[in-house]
Amino acid sequence: MWKLFKKADLILLAVVLVIAAFVIVPSFLTKSENPAGGKLYAQITVDGKPFKTVELTSDVQELKVETKYGYNLLRMHDGGIEMEDADCPDKLCLTFGTVNAVGQTIVCLPHRLMVQVISETGQGGEIDGVAS
């Protein structure tokens with residue numbers, strides 16, 4: 001196999017790998033779920049109205065949201081929140097997984113429920129783009 005590559009090719013490959021390691025590895029080590037720092041909260045709304053705001057910590061907690069539309073079971077753990085159970089017909093809200101970064105959301109349309117991760121200041125995430 002080594003006969004397929006010339007010495008210059010191997011040196012170039014090594015340099016590219018080293019540069020990639022210096023670019024990729026620090027981004028994983030310094031990744032912050034809240035770029036501004038501070039505490040994260042899950043803001044829960046039902047039918048567009050505030051229901052409850054809970055702090056996202058490493059402690060395991062469960063919150064059952066029961067409304068006239070149905071029930072949802074939320075589970076907070078490891079600094080994030082996920083939809084663990086719901087009695088909606090499509091169960092799409094269970095596919096969002098754990099959300100733990102500012103601006104991420106979980107939505108259950110049949111129950112008119114939305115969970116959004118916000119920062120200590122109540123702000124959402126960064127703007128991904130602008131459509132004109």
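The values are calculated or read from the model by the stated rules, or taken from the named source; none is laboratory data. Just so we're clear, the structure is a prediction, and the values are computed from it rather than from any experiment. Don't worry about glycine lacking a Cβ; one is built from the backbone with ideal geometry, like all the others, and counts go over all protein chains shown.
Residue check: is Ile106 surrounded by 16 or more Cβ atoms within 10 Å (Cβ to Cβ), in the same structural domain as Gly48 (by TED's automatic domain parsing), among the aliphatic types (A, V, I, L, M) and closer than 14 Å to Leu56 by Cα?
Taking the combined requirement at face value, the residue does not satisfy it.
Could you list, in sequence order, all residues of segment 53-101 that are small (Gly, Ala, Ser), part of a strand (DSSP E or B) and closer than 19 Å to Ser119 by Cβ?
Matches in segment 53-101: Gly80 only.
In the list Glu66, Glu84, Glu33, Glu55, which residue meets the criterion of being within 16 Å of Gly103 (Cα to Cα) and either β-branched (Val, Ile, Thr) or modelled with pLDDT of 90 or more (or both)?
Exactly one of Glu66, Glu84, Glu33, Glu55 is within 16 Å of Gly103 (Cα to Cα) and either β-branched (Val, Ile, Thr) or modelled with pLDDT of 90 or more (or both), namely Glu55.
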